[in-house]
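A.B. asks: Take a look at the following structure, please.
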Amino acid sequence: MNEEKIKQASFVEHLSELRSRLLKSIIYLFVFFVISYIFAENIYNFLVEPYAEAVKDDDINRRLIFTALHETFITYLKVAFFVAIFITSPVILIQIWKFVAPGLYRDEKRALLPYMIATPTLFLLGGMLVYYLVMPLAIKFFLSFETTSISTSLPIQLEAKVNEYLSLIMR
């Protein structure tokens with residue numbers, strides 16, 4: 001009977017600790033979301049830079065359009081949330097680690113350590129590779145499918161939407 005109470009108390013303590021760690025993660029996420037939303041337009045301009053650089057020498061006057069009244073607002077919310085997740089992911093992962101680590105053996109902790117270091121580093125390097133190398137090349141490639149009215153009866157020209165561009169670059 002006494003052993004049963006110890007297990008229940010231990011289970012309740014684990015749930016309490018899990019709730020505490022989740023709450024900390026959500027608070028960090030919310031704080032960085034608010035900060036990111038304040039700078040959402042600047043962040044979006046940074047994300048649009050590969051497109052602007054790829055089309056700056058075109059003869060066509062390029063622009064990004066929105067077709068719904070609320071589209072730009074929703075886009076800024078998505079940007080803020082994306083950046084908040086990106087910035088707080090190390091905090092969230094540390095909270096997960098602090099919850100899981102006490103239940104692991106020393107060898108298991110040691111085996112996971114290289115992954116804990118390599119994962120955020122490789123994620124950041126991969127994002128930089130896509131932003132600085134892949135996206136400019138991809139944009140040029142996709143723009144090569146445009147046609148003029150000389151070769152067809154109707155020209156095919158890109159009218160990029162704000163929201164769709166953001167979805168592409170965040171993927």
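Values quoted throughout were computed directly from the atomic coordinates according to the rules given, and no laboratory measurement underlies them. Because the structure is a prediction, the values reported are computed rather than measured. Every residue, glycine among them, receives a Cβ derived from its backbone with ideal geometry; neighbour counts consider all protein chains shown.
A.B. asks: Using 0.36 nm times the number of residues separating Leu125 and Ser167, minus their current alpha carbon distance, what extension gain do you get?
C.D. replies: Details: separation 42, 0.36 × 42 = 15.12 nm, distance 1.98 nm.
Fully extending the segment from Leu125 to Ser167 adds 13.1 nm.
A.B. asks: Ok, one more. Using a 10 Å cut-off around each Cβ, can you sort Phe142, Phe11, Phe33 from fewest to most neighbouring Cβ atoms?
C.D. replies: On the way: Phe142 13, Phe11 10, Phe33 20.
Going from least to most buried by this count: Phe11, Phe142, Phe33.
A.B. asks: Rg over Rh of the chain, using C-alpha atoms and the Kirkwood radius, what does it come to? Provide the component values of the computation, followed by the final result.
C.D. replies: On the way: Rg = 23.4 Å, Rh = 20.0 Å.
Here Rg/Rh amounts to 1.17.
A.B. asks: Quick one: net charge of Gln157's neighbours, Cβ under 10 Å, K/R +1, D/E -1? Before the final figure, lay out the partial values.
C.D. replies: Details: positive: Arg62; negative: Glu146, Glu159.
Surrounding charge for Gln157 is -1.
A.B. asks: Taking R0 as 25 Å, what's the FRET efficiency between Ser10 and Ile96 from their Cβ-Cβ distance, rounded to 0.05? List each step's numbers first, then the result.
C.D. replies: Working: r = 20 Å, r/R0 = 0.78.
After rounding to 0.05, the efficiency reads 0.80.
A.B. asks: Something else about it: Counting other C-beta atoms within 10 Å, which of Leu166, Leu158, Leu112, Leu137 has the fewest, and how do the rest follow? Before the final figure, lay out each step's value.
C.D. replies: Working: Leu166 21, Leu158 17, Leu112 14, Leu137 11.
Sorted ascending by nearby Cβ count, the order is Leu137, Leu112, Leu158, Leu166.
A.B. asks: Pairs of Cα atoms under 8 Å, at least six residues apart: use those to get the relative contact order of the chain, whole percent. Could the numbers behind the result be given before it?
C.D. replies: On the way: 103 pairs, mean separation 59.2, N = 171.
Reported as a whole number, the value is 35 percent.
A.B. asks: Among 86-98, 117-129, how do they line up by average Cβ neighbours within 10 Å per residue, starting with the highest? Can you show the working numbers first?
C.D. replies: Details: 86-98: 15.5, 117-129: 10.9.
Highest-to-lowest ranking by the protection proxy: 86-98, 117-129.
A.B. asks: Can you pull out the GluC sites (Glu not before Pro) in the range 75-171 that DSSP calls coil and that have at most 11 other Cβ atoms within 10 Å?
C.D. replies: Working: sites: Glu108, Glu146, Glu159, Glu164; in loops: Glu146, Glu159.
The qualifying sites are Glu159.
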